[in-house]
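Right, one structure below, let's go through it.
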Amino acid sequence: MSGWVDRRTPAEGRILDAAGELFAVRGVGAVAMGEIAAAAGCSRATLYRYFPDRAALLLAYVQREAVRVGALVAADRAATVTDAVLSGLRHVRATPTLAAWFSEADAARSADLAHRSDVVAALGLTMAPDRDSARWLVRVIVSLLTVPGGDEAEERRLVERFVAPVVGPVVGPVVGSSESVGSTAERGG
């Protein structure tokens, strides 16, 4: 994504990778920091050097994965809001380390992190014309991940009927433009 620079160290990446694998197996809320450190092959002191608390680790994980999913959605070159939303849903659901975040036990935590993450909000801006629409769109996506429609056809009908008329049918700003995830996130958004 243009402008976004991944400044994580290899150790941070290893820790986040280990956390993701544990989240997929046990659920986000059931994994302790000590277990993440052990799975990453580091001490708890090392883990806390990079992530001062659990909230910081969870936010870093969500933001890293949001950027990754955003890149996948951008690569799909969705021309409409409906196609972009459905692409995002497919990519999250196809990734066990992300799908775990939307189980009944972890849905509230996921919704809170999505609401607090500037990177997630910036992803919404790749599909919506303004910050308020982007934040609302992220809430809709989290809702569909938490309480999915019966199938993709039903979700398409719901997004076309209730989301596209409000947000606008065309994806905007254009994915990959100067308004992409990286440049928006760097501006503090």
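The values are calculated or read from the model by the stated rules, or taken from the named source; none is laboratory data. None of these values were measured; they are calculated from a predicted model. Every residue, glycine among them, receives a Cβ derived from its backbone with ideal geometry; neighbour counts consider all protein chains shown.
Testing Pro169 on (1) crowded, with 17+ Cβ neighbours inside 10 Å; (2) at pLDDT below 90; (3) over 17 Å from the mean Cα position of the chain (by Cα), one condition comes back false. Which one is that? Condition not satisfied by Pro169: (1). Quick one: in the stretch 145-166, of everything that is farther than 19 Å from Asp76 by Cβ and small (Gly, Ala, Ser), which residue is modelled with the lowest pLDDT? It comes out as Gly149.
Annotation note: Cβ proximity below 6 Å between a residue of the stretch 94-118 that is of a type in the set (A, V, I, L, M) and a residue that is at pLDDT below 85 and surrounded by 18 or more Cβ atoms within 10 Å (Cβ to Cβ) (sequence gap 6+ or interchain) occurs for Ala114/Val120.
The residues listed here are Ala128, Ala108; of these, the one that is part of a helix (DSSP H, G or I) and out of contact with any Cys (no Cβ under 6 Å at 6 or more places or on another chain) is Ala108. Picking from residues in the stretch 101-144 that are of a type in the set (Ser, Thr, Tyr) and over 13 Å from Val62 (Cβ atoms), the one that is modelled with the lowest pLDDT is Thr126. When the residues of the stretch 45-75 are filtered to those that are assigned to a helix (DSSP H, G or I) and of a type in the set (Phe, Trp, Tyr), the one that is nearest to Val138 (Cα to Cα) is Tyr61.
Has the stretch 37-53 got any residue that is within 21 Å of Ala164 (Cα to Cα) and out of contact with any Lys or Arg (no Cβ under 9 Å at 6 or more places or on another chain)?
no
Scanning the stretch 49-62 for residues that are of a type outside the set (A, V, I, L, M) and either buried (at least 20 other Cβ atoms within 10 Å of the Cβ) or in contact with a His (Cβ under 8 Å, 6 or more places away or on another chain) (or both) turns up Phe51, Tyr61.
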